[in-house]
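Enquirer: After the structure tokens below, expect a handful of questions from me.
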Amino acid sequence: DVKVTQSSRYLVKRTGEKVFLECVQDMDHENMFWYRQDPGLGLRLIYFSYDVKMKEKGDIPEGYSVSREKKERFSLILESASTNQTSMYLCASSPGGRGHLWSNQPQHFGDGTRLSIL
Amino acid sequence: EDKVVQSPLSLVVHEGDTVTLNCSYEVTNFRSLLWYKQEKKAPTFLFMLTSSGIEKKSGRLSSILDKKELFSILNITATQTGDSAIYLCAVEAWVDTGRRALTFGSGTRLQVQP
């Protein structure tokens with residue numbers, strides 16, 4: 001089974017702090033994704049990556065950055081946390097790579113990190 | 001702009017009832033539609049639909065896609081309390097670099113009462 005592991009289930013930080021959310025997958029997937037989930041808005045894509053050191057903006061990249069130094073790890077960074085970034089953050093992975101971002105394999109999700117910014 | 005709309009937003013039924021969840025979409029370069037079930041943690045994959053009119057079935061759950069009318073339904077028969085969850089619909093599209101891979105609806109929250 002695919003295992004996508006997010007480092008923290010719950011995290012509380014203060015405004016202005018730099019926040020790192022870590023995600024690791026163990027299935028050698030090329031594609032990795034970061035979403036945030038808010039009531040009434042569903043999941044919205046922040047950033048995705050189809051290869052090591054490659055990254056692409058999603059729908060709502062403002063205030064975030066990402067890092068993909070190793071294939072299995074995709075980090076989401078809040079440069080200067082703000083209260084409107086309080087949310088559930090979900091990481092996902094899928095096989096394929098740039099030519100196959102939309103392969104026949106669905107994305108597999110981690111359990112999520114509930115981040116509160118005070 | 002790509003859009004995925006789910007209805008109803010929330011639903012309360014009793015065990016044994018049959019429910020139908022709806023998902024309509026407006027997407028450029030449609031590739032597939034996916035259903036996920038989300039309980040307390042990660043969304044778990046249910047179905048991927050790419051062709052119109054072909055029903056996918058897994059136990060008491062089934063789903064079908066209509067690419068002409070741009071919608072999909074998810075049916076759950078003989079509901080159980082364990083079916084209580086948020087059901088997410090997502091549409092996958094062929095996009096260029098920099099555009100999003102998957103567009104999610106806001107979900108339908110299903111509560112099954114004993």
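The values are calculated or read from the model by the stated rules, or taken from the named source; none is laboratory data. What you see is a predicted model; the values in this text were computed from it and never measured. Glycine also receives a Cβ, built like all others from the backbone with ideal geometry; neighbour counts cover every protein chain displayed. When the accessible area is computed, the model is the full protein with side chains, heavy atoms only, and any ligands, DNA or RNA have been set aside. Shrake-Rupley method; radii C 1.70, N 1.55, O 1.52, S 1.80 Å.
Enquirer: What translational diffusion coefficient, in µm²/s and rounded to a whole number, does the Stokes-Einstein relation yield for chain B at 10 °C and a viscosity of 1.306 mPa s, taking the hydrodynamic radius as the Kirkwood radius over Cα pairs?
Expert: Translational D for this selection: 111 µm²/s.
Enquirer: Roughly how many percent of the accessible protein surface of chain B is carbon and sulfur, given a 1.4 Å probe and a whole-percent answer?
Expert: On the way: 2670 of 5530 Å².
The value for chain B is 48 percent carbon and sulfur by accessible area.
Enquirer: For a quick check: with amide H placed at 1.01 Å from N, whose amide H comes under 5 Å from A:GLU17's, ignoring anything fewer than 5 positions away on the same chain?
Expert: Under 5 Å from the amide H of A:GLU17 lie the amide H atoms of A:ALA81, each far enough along the sequence or on another chain.
Enquirer: Leaving ligands and nucleic acids out of the surface, order B:ARG31, A:ARG36 by accessible area at 1.4 Å, largest first.
Expert: B:ARG31, A:ARG36
Enquirer: Another one. May I ask you to rank A:GLU79, A:GLU22 by accessible area, largest first, using a 1.4 Å probe over the protein chains only? Write out the running numbers ahead of the final one.
Expert: Values: A:GLU79 90, A:GLU22 50 Å².
Order by accessible area, largest first: A:GLU79, A:GLU22.
Enquirer: Here's something else I'd like to know. Of the candidates A:GLY40, A:GLY58, A:GLY16, which one comes out as most mobile in a Gaussian network treatment of chain A with C-alpha springs shorter than 10 Å?
Expert: Sorting by GNM fluctuation, first place goes to A:GLY40.
Enquirer: What whole-number distance in Å separates the alpha-carbon centres of region B:1-45 and region A:23-59?
Expert: Centre-to-centre (Cα) distance: 20 Å.
Enquirer: Whats the longest run of chain B with zero GluC sites (Glu not before Pro) that are DSSP loop and have at most 10 other Cβ atoms within 10 Å? Provide the component values of the computation, followed by the final result.
Expert: Values: sites that count: B:GLU1, B:GLU69.
Looking at chain B, B:2-68 is the longest stretch - no exposed GluC sites (Glu not before Pro) with at most 10 other Cβ atoms within 10 Å.
Enquirer: Using a 1.4 Å probe on protein heavy atoms only, how many Å² of accessible area do B and A hide from each other, summed over both chains and rounded to 100?
Expert: 2000 Å²
Enquirer: Quick one, can you get me the convex hull of the C-alpha atoms of the protein assembly as shown expressed as volume per residue in Å³?
Expert: So the per-residue Cα hull volume is 119 Å³.
Enquirer: Still on this model: Whenever you get a sec, line up A:MET54, A:MET32 from highest to lowest accessible area (probe 1.4 Å, protein heavy atoms).
Expert: Values: A:MET54 75, A:MET32 0 Å².
So, going from the largest accessible area down, we get A:MET54, A:MET32.
Enquirer: Could I ask something else about it? How much accessible surface does B:ILE86 have with a 1.4 Å probe, in Å² rounded to 10?
Expert: Surface accessible to solvent at B:ILE86 totals approximately 30 Å².
Enquirer: Between A:PHE20, A:SER94, A:PHE48, whose Cα lies farthest towards the positive end of the dipole of region A:4-97 when Lys and Arg beta carbons carry +1 and Asp and Glu beta carbons carry -1, centred on the Cα centre?
Expert: A:PHE20
Enquirer: Round to the nearest 10 and report in Å² the accessible area of B:LYS57, as given by a 1.4 Å probe over the protein chains' heavy atoms.
Expert: 140 Å²
Enquirer: Turning to a different aspect of this structure: Compute a Gaussian network model of chain B, connecting alpha carbons closer than 10 Å, and tell me which residue from B:VAL12, B:VAL27, B:VAL91 fluctuates the most.
Expert: Looking only at B:VAL12, B:VAL27, B:VAL91, the biggest GNM fluctuation is shown by B:VAL12.
Enquirer: Further, regarding this structure: Is region A:4-97 best put as rounded, prolate or oblate by its Cα gyration tensor, with a ≥ b ≥ c the root eigenvalues, rounded for a/c under 1.5, and otherwise prolate when a/b is larger than b/c, oblate when not?
Expert: Prolate, since a/c reaches 1.5 and a/b exceeds b/c.
Enquirer: Dipole magnitude of the protein assembly as shown about its Cα centre, charges +1 at Lys/Arg Cβ and -1 at Asp/Glu Cβ only, in debye to the nearest 20?
Expert: So the dipole magnitude of the protein assembly as shown works out to roughly 360 debye.
Enquirer: Here's a follow-up. Can you give the accessible area of B:HIS14 in Å² (nearest 10), computed on protein heavy atoms with a 1.4 Å probe?
Expert: 100 Å²
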